[in-house]
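Participant: Below is a structure I'd like to ask you about.
Computed from the coordinates by the stated procedures, all read-outs in this text should not be read as laboratory data. It should be emphasised that the depicted structure is a prediction, and the values quoted were computed from it without experimental measurement.
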Amino acid sequence: MVDIESDICPCCSGKLHRIGEDVAERLDMVPAQFRVLVVRRPKYACLSCAEAVVQAPAPARLIEGGLPTEATVAHVLVSKYADHLPLYRQAQVYGRQGIVLDRSTLADWVGRAVT
């Protein structure tokens with residue numbers, strides 16, 4: 001919203017009242033944003049016996065022990081197969097955003113996702 005600095009009339013110093021507005025729309029783009037999802041799993045121990053340690057199981061992952069979320073792997077697959085963007089170019093795109101991923105890593109994700 002772009003508004004005037006003062007609501008005082010420049011001619012008579014009276015109060016200005018809003019009578020309408022002009023609206024202009026523009027198309028903007030926000031590039032893909034990467035974020036790190038952190039899963040915390042607290043551990044609990046018994047104060048009486050000091051032998052029992054209890055912790056919730058880790059959530060399942062598409063690639064066990066791997067870095068990507070399901071959305072990241074889906075993006076790689078859509079970019080590769082629907083947008084025809086080779087993995088080496090995807091690695092370059094991620095590199096420009098500060099994410100260093102080797103093409104072989106992306107290939108491994110693709111392979112694991114389709115099995």
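Participant: For Y81 and S104 in the same chain, what is the full-extension length gain: residue separation times 0.36 nm, less their Cα-Cα distance, in nm?
Facilitator: 6.6 nm
Participant: Thinking of the chain as a set of Cα atoms, what percent of all their pairs are more than 16 Å apart? Can you show the working numbers first?
Facilitator: Numbers: 4935 of 6555 pairs.
Here the long-distance tail beyond 16 Å is 75 percent of all Cα pairs in the chain.
Participant: Another one. Could you work out which residue, out of L47, L37, L16, moves most in a Gaussian network model of the chain, that is, has the largest mean-square fluctuation with Cα springs under 10 Å?
Facilitator: Comparing L47, L37, L16 in the GNM, the peak value goes to L16.
Participant: Sticking with this structure for a sec: Using a Gaussian network model on the chain with a 10 Å cutoff between Cα atoms, which of H75, H17, H84 fluctuates the most?
Facilitator: Most flexible of the set in this elastic network: H17.
Participant: Could you compute Rg(Cα) / (2.2 N^0.38 Å) for region 63-115, with N its residue count? Present the calculation step by step, with values, prior to reporting the outcome.
Facilitator: Numbers: Rg = 10.3 Å, N = 53, 2.2 N^0.38 = 9.9 Å.
Output field value: 1.04.
Participant: Sticking with this structure for a sec: As a test of the formula, what do you get for the chain when each DSSP H run with n ≥ 4 contributes -39,500 (n - 2.57) and the sum is divided by the residue count, at 222 nm and rounded to the nearest 500 deg cm²/dmol? Intermediate values should be presented prior to the final figure.
Facilitator: Working: 3 runs with 29 residues, N = 115.
After summing the helix terms and dividing by residue count, I get -7500 deg cm²/dmol.
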